[in-house]
Amino acid sequence: DKLRWLLKQNHFFKLQASVFINPYPLNREAISFLKLSGLIRYIRILKVNEIDDDRDLKNRFELN
């Protein structure tokens, strides 16, 4: 619950049940917090370069 709250506070969008996305990379401070808090063991961080039919996501993050 703490991790979901943190993601929402940082404007991540819930793409599906346990997948949250954001068009910007996590900074070192965020990574350090996740490690120190122990939350890092519950997550995987992916860097995705392309998503098919991403118009709705671009609109959500105002990237048009």
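Largest accessible area first, the listed residues 3, 15 line up as 15, 3 when surface is computed with a 1.4 Å probe on the assembled protein chains. Computing the accessible area with a 1.4 Å probe over protein heavy atoms, can you report the carbon and sulfur percentage for the chain? Exposed carbon and sulfur together represent 50 percent of the surface. According to a simple spin-label model (label point 7 Å from Cα along Cα-to-Cβ), what is the distance in nm between residue 52 and residue 11? It works out to 2.9 nm between the two label points.
When all protein chains stay in place and ligands, DNA and RNA are ignored, the 1.4 Å accessible-area order of 41, 60, 4, 28, largest first, is 28, 41, 60, 4. Residue 13 contributes an accessible area of around 50 Å² to the protein surface, as traced by a 1.4 Å probe with all chains present. A simple charge model with +1 on the Cβ of Lys and Arg, -1 on the Cβ of Asp and Glu and nothing else charged puts the dipole of the chain at about 400 debye relative to its Cα centre.
For the chain, the solvent-accessible area of protein heavy atoms averages 95 Å² per residue (probe radius 1.4 Å; ligands and nucleic acids excluded).
Since only 38, 6, 23 are under comparison, the one whose Cα sits farthest along the positive direction of the charge dipole of the chain, derived from C-beta charges on Lys, Arg, Asp and Glu, is 38. Restricting the chain to GluC sites (Glu not before Pro) that sit in a DSSP loop and have at most 12 other Cβ atoms within 10 Å of their own Cβ leaves 50, 62.
The values are calculated or read from the model by the stated rules, or taken from the named source; none is laboratory data. Everything numeric here is computed off the predicted structure, so don't read it as measured data. We place every Cβ from the backbone using ideal geometry, glycine too, and count neighbours over all the protein chains shown. The accessibility values were calculated without ligands, DNA or RNA, using every heavy atom of the protein model including side chains. Shrake-Rupley method; radii C 1.70, N 1.55, O 1.52, S 1.80 Å.
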